[in-house]
1. Taking the criterion of being buried (at least 20 other Cβ atoms within 10 Å of the Cβ), of a type outside the set (Phe, Trp, Tyr), modelled with pLDDT of 95 or more and assigned to a loop (DSSP other than H, G, I, E, B), would at least one residue in region 233-251 satisfy it?
2. Report, by residue number, each residue of region 114-128 that is touching a Phe, Trp or Tyr at 6+ places or on another chain (Cβ under 9 Å) and assigned to a strand (DSSP E or B).
3. Surrounded by 14 or more Cβ atoms within 10 Å (Cβ to Cβ), at pLDDT below 85 and in contact with a helix residue (DSSP H, G or I) (Cβ under 6 Å, 6 or more places away or on another chain): is that true of Ala459 in this structure?
4. Name the residue that is surrounded by the most Cβ atoms within 10 Å (Cβ to Cβ), counting only residues in region 110-145 that are more than 19 Å from Ser95 (Cβ to Cβ) and among the small types (Gly, Ala, Ser).
5. Quick check on this structure: which one of Asn80, Asn61, Asn100 is polar (S, T, N, Q), without any contact (Cβ under 8 Å) to a residue 60 or more places away in the chain and touching a strand residue (DSSP E or B) at 6+ places or on another chain (Cβ under 7 Å)?
6. Among (1) modelled with pLDDT of 95 or more; (2) surrounded by fewer than 23 Cβ atoms within 10 Å (Cβ to Cβ), which single condition is Thr266 missing?
7. For residues that are under 20 Å from Gln384 (Cβ atoms), part of a loop (DSSP other than H, G, I, E, B) and modelled with pLDDT under 85, tally how many sit in region 396-445.
8. Go through (1) in contact (Cβ under 8 Å) with a residue 12 or more places away in the chain; (2) assigned to a loop (DSSP other than H, G, I, E, B) one by one and return the number of the condition Asn208 breaks.
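The values are calculated or read from the model by the stated rules, or taken from the named source; none is laboratory data. In this text, all values refer to a predicted model and were calculated from it rather than measured experimentally. Counting neighbours? That spans all protein chains shown, and the Cβs are built from the backbone with ideal geometry, glycine included.
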Amino acid sequence: MRFEMLLGYILLMYGSFSAALGGYVGINIGTDLSDLPSPEQVVAILRSHQITHIRLFDADNHLLSALSDTGIEVMVSVTNEEVLRIGQSPAAAASWINRNIVAFVPSTNITSIAVGSEVLSVIPNVAPVLVSAMQNLHKALVSSNINNGVKISTPVSMDIIPKPFPPSTATFNATWNTTITELLTFLRRTNSFFMLNAYPYYGYVQSNGIFPIEYALFQPLSPVKQIVDPNTLFHYDSMFDAMVDAAYNSIAAFNGSVIPIVVTETGWPWAGGANERDATVDNAEKFNNNLIKRVMNDSGPPSQPTVPMNAYIYELFNEDKKPGPLSERSYGVYFSNGTSVYTFNLGTSGDATVNASGGFCVARKGADAGSLQDGLNWACGPGQANCSAIQSGQPCFMPDTLENHASFAYNDYYQRMRSVGATCDFSGTAVTTMVDPSYGSCIFTGSTNSSSGGLVPPAFGPEGPPGNISPRQLPKIWSLLLVTVGLLVL
């Protein structure tokens with residue numbers, strides 16, 4: 001009995017710490033592109049760029065398998081085409097859960113299910129069974145005893161809030177009152193969150209000059225351009241904050257309660273047609289990097305300052321097969337080979353921790369490209385590292401980036417030669433880490449992993465494992481847990 005009480009108390013403490021650790025930024029993964037990488041290559045790209053949260057627009061079983069044992073938090077989706085059948089049939093919902101959730105957890109870290117995508121806007125005729133579909137899926141999770149670890153919600157578009165500014169007076173379109181009431185009741189009952197797709201790009205373009213572009217890009221506003229809600233006198237430094245607050249106020253107008261909001265889609269296109277002059281590389285780079293800084297400060301919008309704003313950037317790759325204007329095909333932050341469209345960093349763990357006692361030798365994130373190339377050339381030449389695995393068609397070739405190839409070469413040299421005094425430096429472009437950088441079938445020298453899909457952290461020297469928890473907070477948390485254990489044992 002004492003052990004059970006101790007374990008329960010530890011889990012309670014851990015849950016409390018986890019809930020207080022702040023916001024995260026994830027990324028959406030679309031598949032409507034002509035040169036889609038394999039699931040293993042997608043996972044390698046995620047790891048190499050330190051991406052720890054993803055949203056899939058379906059429940060691709062091959063990708064879910066490739067994500068096994070990576071620790072990456074995964075939001076899977078019921079497609080719009082599946083919502084009607086699942087909403088009408090509990091058996092169909094149970095089958096979907098068994099195929100796409102039960103078959104993969106806990107190895108694949110599935111944490112939520114998005115039921116459809118903007119159903120109220122895209123397929124309004126299915127709205128009457130939307131919440132029924134969510135309820136049927138939740139019952140199937142309960143039957144499988146995994147409902148506590150997997151939340152269910154549905155992404156809605158900002159267009160169901162007709163007048164989002166000022167946020168204090170925002171309300172949902174009355175057409176959807178019945179569905180919204182059912183939805184909010186379900187979210188509150190299951191302790192889930194409200195999924196919102198919010199694009200300041202469209203808000204800015206459609207405002208026809210009413211709002212300055214700095215407001216949409218999270219940039220400082222001059223005193224004469226300050227955006228203030230006249231009812232609350234809240235100052236809004238970004239359109240993103242105002243959009244989230246508009247949703248919070250719309251929710252409050254129904255039941256007065258606070259249901260946390262997760263922004264399931266946001267982003268800025270880096271290319272556009274002749275009439276899309278604000279879709280530029282510079283604006284996309286500013287928006288996404290400023291978004292990351294905004295979310296990672298762990299505060300909420302003015303009306304809910306203590307509720308972090310988690311967000312998923314749209315999207316990982318440019319989906320060149322999508323219809324519509326050029327901007328629709330230009331939201332990707334990476335090309336399909338893993339290289340960045342512009343300077344972009346979703347990794348939140350900072351510089352790598354150097355561990356002089358050994359571990360793995362990897363390229364320092366942000367190292368000068370010329371110096372990295374010199375180091376790679378030396379390691380594979382005079383250093384006599386075995387670089388065959390990073391050749392085209394070999395298991396460590398993808399992602400085809402200088403940092404990834406240098407990490408493999410640096411580590412192979414270091415593992416072979418450190419016993420005779422070799423160091424992990426390479427003119428300041430390398431660091432050591434105790435975290436195994438292996439991924440998929442790419443096994444780094446010195447790794448104990450012998451099969452693909454082992455515990456695979458980011459490739460470029462992170463401070464700790466993927467997930468919500470900042471590595472800097474882990475020692476404090478474990479210290480507190482150990483003290484608690486000691487006190488209870490005594």
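1. yes
2. Residue satisfying the conditions is Ala114 alone.
3. yes
4. Looking at residues that are more than 19 Å from Ser95 (Cβ to Cβ) and among the small types (Gly, Ala, Ser), I get Ser117.
5. Within the list Asn80, Asn61, Asn100, the selection yields Asn100.
6. Of the numbered conditions (1) modelled with pLDDT of 95 or more; (2) surrounded by fewer than 23 Cβ atoms within 10 Å (Cβ to Cβ), the odd one out for Thr266 is (2).
7. Matching residues across region 396-445 total 3.
8. Condition (1) is where Asn208 drops out.
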